[in-house]
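Visitor: Below is a structure I'd like to ask you about.
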Amino acid sequence: MGNILIVEDDPNVRKLVRVNLAKRGYSVSEAENSQQALALFQSVPVDLVLLDLVLPGLSGVDICAWIRARSEVPIIILSARLEEDLKVAALDAGADDYVTKPFSSEELMARVRAFLRRSYVTAKNDDNRIQIGDLKIDLDARRVFINENDLHLTRTEYAILAVLAQHLDAIVTHNELLTQVWGAEYRGSNHYLHTYLGRLRKKLGEFGELLETVPGMGYNLYSTKIY
């Protein structure tokens, strides 16, 4: 079913997560500090990482960046309520999702299941590329370029843009976007979209103007500039 790496220095939280994962048939590896986390990631197969942000040694943000430079494995952040700045930094470093402490075990398990089974939408156009001026979205390579420069989107940012790009000039509802990118369990979690769409617009620069928020409905990616 998959091997989950838990990186968490609180033994009580680590035990809670381990027990819930084991009950559902997952294999579990555990690290209580950054040194153990890096060693385990390099020595055992890892299908998903549950990562605390405040750790002895390297921070969770540093670990996230280190993993993302080497792997596309899903990373779910475990974040305390007072760590909003660290949570945002971790998302920028390539994390895919976050769960705020204290969290429901069922909520965490649902997110684990969603990430382990999800697959990003693939292209429906003939050449698997979408071009909007100097913005090119390569749906085979899962890469985005502006003026031939790689935009270096995170996997979640790319997934959002890919869905919108395949519905150019059409509204993609909140729930449609949440379902295609995160899974059906995320329907109604519109706050995710607000966070990610803001960061995506910023990375797109001038092309961010093509991404419209349709109040109460969803989002629209235009093929030409909005005036």
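The values are calculated or read from the model by the stated rules, or taken from the named source; none is laboratory data. The structure displayed is predicted, hence computed values, not measured ones. Because the Cβ atoms are built from the backbone with ideal geometry, glycine has one as well, and the counts that use them run over all protein chains shown. Side chains are part of the model used for accessible areas, which takes the heavy atoms of the whole protein and leaves out ligands, DNA and RNA. Shrake-Rupley method; radii C 1.70, N 1.55, O 1.52, S 1.80 Å.
Visitor: Checking the condition within 22 Å of residue 152 (Cα to Cα) and either of a type in the set (Lys, Arg) or modelled with pLDDT of 95 or more (or both), which residue from 87, 15 passes? Steps first, answer last, please.
Guide: Values: 15 fails: within 22 Å of residue 152 (Cα to Cα).
None of the others qualify; the one that does is 87.
Visitor: Exactly one of (1) open to solvent by 60 Å² or more (accessible area, probe 1.4 Å); (2) of a type in the set (A, V, I, L, M, F, W, C); (3) touching a Phe, Trp or Tyr at 6+ places or on another chain (Cβ under 8 Å) is unmet by residue 172. Its number?
Guide: (1)
Visitor: Sticking with this one: For region 205-221, give me each residue that is open to solvent by 20 Å² or more (accessible area, probe 1.4 Å), within 11 Å of residue 135 (Cβ to Cβ) and either in contact (Cβ under 8 Å) with a residue 40 or more places away in the chain or part of a strand (DSSP E or B) (or both).
Guide: Across region 205-221, the qualifying residues are 205, 207.
Visitor: Right, another one. Do you know which residues across region 63-86 are under 20 Å from residue 13 (Cβ atoms), assigned to a helix (DSSP H, G or I) and open to solvent by 30 Å² or more (accessible area, probe 1.4 Å)?
Guide: Those that are under 20 Å from residue 13 (Cβ atoms), assigned to a helix (DSSP H, G or I) and open to solvent by 30 Å² or more (accessible area, probe 1.4 Å): 84, 86.
Visitor: For the subset of region 1-56 comprising residues that are of a type in the set (A, V, I, L, M, F, W, C), touching a residue at least 40 places away in the same chain (Cβ under 8 Å) and surrounded by fewer than 18 Cβ atoms within 10 Å (Cβ to Cβ), which member is nearest to residue 85 (Cα to Cα)?
Guide: Ranking the qualifying residues of region 1-56, first place goes to 54.
Visitor: Quick check: anything in region 11-24 touching a Gly at 6+ places or on another chain (Cβ under 7 Å) and part of a loop (DSSP other than H, G, I, E, B)? Can you show your working first?
Guide: The first filter runs over region 11-24 and keeps only residues touching a Gly at 6+ places or on another chain (Cβ under 7 Å), leaving none.
The answer is no; no qualifying residue exists.
Visitor: Same structure again: Would you check which residues across region 91-110 are within 10 Å of the chain's Cα centre (by Cα) and closer than 23 Å to residue 16 by Cα and list them?
Guide: 95, 96, 97, 98 - these are the residues of region 91-110 that are within 10 Å of the chain's Cα centre (by Cα) and closer than 23 Å to residue 16 by Cα.
Visitor: Separate question: Just to verify a result, which residue in region 182-213, among those that are closer than 30 Å to residue 113 by Cβ and among the hydrophobic types (A, V, I, L, M, F, W, C), is nearest to the chain's Cα centre (by Cα)?
Guide: Looking at residues that are closer than 30 Å to residue 113 by Cβ and among the hydrophobic types (A, V, I, L, M, F, W, C), I get 182.
Visitor: From the set of residues in region 179-204 that are in a helix (DSSP H, G or I), touching a helix residue (DSSP H, G or I) at 6+ places or on another chain (Cβ under 6 Å) and open to solvent by 10 Å² or more (accessible area, probe 1.4 Å), which is farthest from residue 157 (Cα to Cα)?
Guide: For region 179-204, the residue satisfying everything is 185.
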